[in-house]
Amino acid sequence: MGRLGDKSDYESIREARISENMARMEMLGLRRCAGELSAISSAPSPRAGSVTPRKTPKPPRVLTPLRRSVRLIAAATPPGSGSRRSARLNGDSVQHKALPYRGADAEEEEQEEKSPMYIDKERLRVLQETRCDSKARGSVYDPVLGICCHFCRQKKLCGEEGCKRCGEGDFEQQCIGKTECSSCHSSYGILCRACLKVRYGEEMEEVRKNKKWMCPHCVEEKGTKKYWICNSSICLKKRKIAPTGIAIFQAREQGYASVAHLLMDQLKSRGSF
């Protein structure tokens, strides 16, 4: 072991590098610049009683007149000084002009305008070629004639043969391939045939016969069937419940008729929503 006073190889090399860097700084004039900067930074600050030089004031800016709208100018003017007032407020007599008589031709035009609109026949014929391919959910998307299903949110034409809306293009008729709640008559009660069967285990023919059929929202509100709730992704998220996704295969494997029956049994086991 070496003595404590001896320098190690590392310290010797370090001192040699420091001396080389100092010589290089002296040659480049960096040490002189560092000394000047330290002298400036260490200079004493001016005393409290000393007078500091004032800055020369800038010339005043010329202000242009403000731009105001005609409406604000008219509001600022007092009444009677050119402001716009109706003849009735000024106390003048008002003479009403009689409307011209509209004959039978004009009345017939109004009736034609009020008559139900029909879609283009050529376009309707093209749609009918593929409309009835799928009776469950429909195979033709139509943003004009199609009615949005609350669950799948698809505006498709139904595949029902007797539907005048989807088959004949009558806007005034209701789509018989979509359900309608007898209580709320809202978009919550509109379901297509496939969603009605898969999600709630009901048939469209039974719903049509039952004039008092109610959507799951109204069933829950009236309390006629406990734990029977709407299982759409929108309504489940509002309840802080994760959407079920395609759960019909899991429901049928466990012996349930639909996803709603599976979800109802799960809610019963929890004892709350």
Practice prompt. Residues being of a type in the set (Val, Ile, Thr), open to solvent by less than 60 Å² (accessible area, probe 1.4 Å) and more than 20 Å from Cys230 (Cα to Cα): count how many of those fall in segment 138-166.
Written response: 1
Worksheet item: Can you pull out the residues in segment 219-273 that are of a type in the set (Ser, Thr, Tyr) and over 16 Å from Lys197 (Cβ atoms)?
Response: Thr224, Tyr227, Ser233, Ser269, Ser272
Worksheet item: Here are Cys175, Cys195, Cys235: which of them is assigned to a loop (DSSP other than H, G, I, E, B) and either among the aromatic types (Phe, Trp, Tyr) or within 29 Å of the chain's Cα centre (by Cα) (or both)?
Response: Cys175
Practice prompt. State whether one or more residues within segment 201-213 are closer than 20 Å to Gln250 by Cα and assigned to a helix (DSSP H, G or I).
Written response: no
Discussion item. When you scan segment 190-205, do you find a residue that is within 25 Å of Cys163 (Cα to Cα), open to solvent by 60 Å² or more (accessible area, probe 1.4 Å), touching a helix residue (DSSP H, G or I) at 6+ places or on another chain (Cβ under 7 Å) and among the hydroxyl-bearing types (Ser, Thr, Tyr), even just one?
Written reply: no
Practice prompt. With the condition kept exactly as written, say whether any residue in segment 176-185 is at pLDDT 90 or above, surrounded by fewer than 19 Cβ atoms within 10 Å (Cβ to Cβ) and either among the small types (Gly, Ala, Ser) or closer than 22 Å to His261 by Cβ (or both).
Written response: yes
Discussion item. Report every pair of residues separated by at least 6 positions or lying on different chains whose Cβ atoms are under 6 Å apart, first residue within segment 241-268 and open to solvent by 20 Å² or more (accessible area, probe 1.4 Å), second of a type in the set (Gly, Ala, Ser) and not in a loop (DSSP other than H, G, I, E, B).
Written reply: Pro243/Ser233
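The values are calculated or read from the model by the stated rules, or taken from the named source; none is laboratory data. Worth saying up front: this structure is predicted, and the values here are computed from it rather than measured. Positions of Cβ are backbone-derived with ideal geometry, glycine not excepted, and every protein chain shown enters the neighbour counts. These accessible areas exclude ligands, DNA and RNA; they are computed on the full protein's heavy atoms, side chains included. Shrake-Rupley method; radii C 1.70, N 1.55, O 1.52, S 1.80 Å.
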